[in-house]
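Enquirer: I'd like to ask some things about the structure below.
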Amino acid sequence: MALDPALAAEIEASVAEGFADQVAHTQALVRFASLRGAEHACQDYVFGAFRSRGYATERFAMDRAAIAAHPGGSKIDARHSDAPIVVCHHRPQTETGRSLILQAHVDVVPVGPLDLWTHAPFDPVIEGDWLYGRGGGDMKAGHAANLFALDALARLGLQPAAAVTIQSVVEEESTGNGALAAHLRGYRADAVLIPEPEDEKLVRANTGVLWFTVEVRGVPVHVREMGAGANAIDATYRVIGALRELEARWNAEKDAHRHFEAEDHPINLNIGRIEGGDWASSVPAWCRIDCRVALYPGVPAARAAAEIEAAVSDFARTDSFLANNPPRVAFNGFFAEGYVLEEGSEAEAVLGRAHARATGATLQSFMSPCYLDTRVHALYDRVPALCYGPSAQNIHGFDERVSLASVQRCTTAMALFVAEWCGTERRAG
């Protein structure tokens, strides 16, 4: 049943009333340089924000053995974060509505050269409609919106008439294991909403992601005898060519995958890092590349990994040097499958009504060629997993920024969604 228009208007007004505080809270989150493995202080702040509102709040460590044993677990190496997962729980007086998980991540990607930023990356400067800062868009604005959507109801003396769990996770940018850890903890709900920066649209389909390395060993000699050696960096570039052929082959299969047919290049291989050699005047004896590649929903991560290994091995056998010095392929992060959000769920219909009320426009959906934590809930909880959030620019780039007007619209839509999906009841006291 659609939300009462009078209540919807009150919720809109309440979001607006609290928006200055929401922006300040978002800025506080951005000030934490919560890079991979350094999210502890930010999670402590989140814990305090949850508990100060009276929610039952907990923090727990990721169970690495349980993650490794799960089919959706990504690879764990020495760089994997040991920061805690922080979760708070709203429990109604009377359970009459449908339960909900609201989730966001606090980990952010590296900032790169500081001189390429207009403002310091962890200085949340506001210029006009834009809030700048690493993680402001991806996804601390959405993180704040989860909490302030419930705050908007509280200002009206209301609360959800169903259980609501707010999950603050890490490792979203590297493995997705934070969301999986919460799943393994046993948290479940009738629907999930994750407000990633999606230009006020709903993600319909989402690629899986693999992270892997390729290491090539060469034969070091002095450059005056360069022809007698084997340059590992040169050889690595030849391996990259073979990986590009695999990328092209996977893209050519797009017509067999619903929601991907119209995309020009849905499968992207990124050579994200390269290192090698020890001395400018020595032929390099080693080179290693760190790579990321997408895979279609329905393609098992293990099958895609086997294809990568085969592509490298098959090419190496045709290369005069690599045939005797096979490259080493290892998987060291994301090992995650994609998902499709099937149309027709009541959760999507409720979000559609909330979005229309907040924005005056029809909710649109699209395919996102990147990793999203909604895959955990879609694949393993098998509930509607809605990824929907504000407009942002330059995420993972320089001068990352998020539109505050868009954040307010999305927070309004989220609060309206919570009110209709969960129902409302009067707060005690």
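The values are calculated or read from the model by the stated rules, or taken from the named source; none is laboratory data. Predicted model only: the values in this text are computed from it and were never measured. Quick reminder, even Gly has a Cβ in these numbers, built from the backbone with ideal geometry, and neighbours come from all protein chains shown.
Enquirer: Tell me which residues, restricted to the range 272-306, are in contact with a Cys (Cβ under 9 Å, 6 or more places away or on another chain), crowded, with 16+ Cβ neighbours inside 10 Å and of a type in the set (A, V, I, L, M, F, W, C).
Expert: First, pick out the residues of the range 272-306 that are in contact with a Cys (Cβ under 9 Å, 6 or more places away or on another chain): 272-277, 294.
Narrowing the set further to residues that are crowded, with 16+ Cβ neighbours inside 10 Å leaves 276-277, 294.
Selection gives Ala294 alone.
Enquirer: Is it the case that Glu247 is in contact with a strand residue (DSSP E or B) (Cβ under 6 Å, 6 or more places away or on another chain), part of a helix (DSSP H, G or I), in contact (Cβ under 8 Å) with a residue 12 or more places away in the chain and charged (D, E, K, R)?
Expert: Numbers: in contact with a strand residue (DSSP E or B) (Cβ under 6 Å, 6 or more places away or on another chain): yes; part of a helix (DSSP H, G or I): yes; in contact (Cβ under 8 Å) with a residue 12 or more places away in the chain: yes; charged (D, E, K, R): yes.
The answer is yes for Glu247.
Enquirer: Right, something else. Take Ala104 and tell me if it is farther than 23 Å from Ala28 by Cβ and in contact with an Asp or Glu (Cβ under 9 Å, 6 or more places away or on another chain). So that I can check it myself, show each step before the final result.
Expert: Details: farther than 23 Å from Ala28 by Cβ: no; in contact with an Asp or Glu (Cβ under 9 Å, 6 or more places away or on another chain): yes.
Against the criterion (farther than 23 Å from Ala28 by Cβ and in contact with an Asp or Glu (Cβ under 9 Å, 6 or more places away or on another chain)), Ala104 does not qualify.
Enquirer: Can you confirm whether the range 56-79 contains a residue that is closer than 19 Å to Val376 by Cβ, in contact with a strand residue (DSSP E or B) (Cβ under 9 Å, 6 or more places away or on another chain), of a type in the set (S, T, N, Q) and at pLDDT 95 or above?
Expert: Within the range 56-79, one or more residues are closer than 19 Å to Val376 by Cβ, in contact with a strand residue (DSSP E or B) (Cβ under 9 Å, 6 or more places away or on another chain), of a type in the set (S, T, N, Q) and at pLDDT 95 or above.
Enquirer: If you don't mind, there's one more thing I want to ask. Restricting to the range 19-36, name every residue that is part of a loop (DSSP other than H, G, I, E, B) and in contact with a helix residue (DSSP H, G or I) (Cβ under 7 Å, 6 or more places away or on another chain). Step through it out loud before you land on a result.
Expert: To start, the set of residues in the range 19-36 that are part of a loop (DSSP other than H, G, I, E, B) comprises 31-34, 36.
Across the range 19-36, the qualifying residues are Phe32, Ser34.
Enquirer: Still on this model: Scan the range 155-180 for residues that are touching a Gly at 6+ places or on another chain (Cβ under 8 Å) and either charged (D, E, K, R) or over 28 Å from Gly135 (Cβ atoms) (or both) and report the count. Give the derivation first.
Expert: So the first thing to find is which residues in the range 155-180 are touching a Gly at 6+ places or on another chain (Cβ under 8 Å), and the list is 155, 160-162, 169-172, 174-177, 180.
Remaining after also requiring either charged (D, E, K, R) or over 28 Å from Gly135 (Cβ atoms) (or both): 155, 161-162, 171-172.
Of the residues in that region, 5 qualify.
Enquirer: Please find, among Phe32, Phe60, the residue that is of a type in the set (Phe, Trp, Tyr), out of contact with any His (no Cβ under 9 Å at 6 or more places or on another chain) and surrounded by fewer than 20 Cβ atoms within 10 Å (Cβ to Cβ). Please lay out each step first, then the result.
Expert: On the way: Phe32 fails: surrounded by fewer than 20 Cβ atoms within 10 Å (Cβ to Cβ).
Being of a type in the set (Phe, Trp, Tyr), out of contact with any His (no Cβ under 9 Å at 6 or more places or on another chain) and surrounded by fewer than 20 Cβ atoms within 10 Å (Cβ to Cβ) holds for just one of Phe32, Phe60, which is Phe60.
Enquirer: When the range 249-276 is examined, which residues are found to be among the hydrophobic types (A, V, I, L, M, F, W, C) and under 25 Å from the mean Cα position of the chain (by Cα)? Outline the logic, then answer.
Expert: If we filter the range 249-276 for residues that are among the hydrophobic types (A, V, I, L, M, F, W, C), which is where we start, we get 250, 252, 256, 260, 262, 267, 269, 271, 274.
Once the filter is applied, which keeps residues that are among the hydrophobic types (A, V, I, L, M, F, W, C) and under 25 Å from the mean Cα position of the chain (by Cα), the range 249-276 yields Trp250, Phe260, Ala262, Ile267, Leu269, Ile271, Ile274.
Enquirer: Sticking with this structure for a sec: Restricting attention to strands (runs of 3 or more DSSP E) lying wholly within the range 37-112, give those where 1 or more residues are among the hydroxyl-bearing types (Ser, Thr, Tyr).
Expert: Numbers: elements: 56-60, 85-90, 100-105.
Output list reads 56-60.
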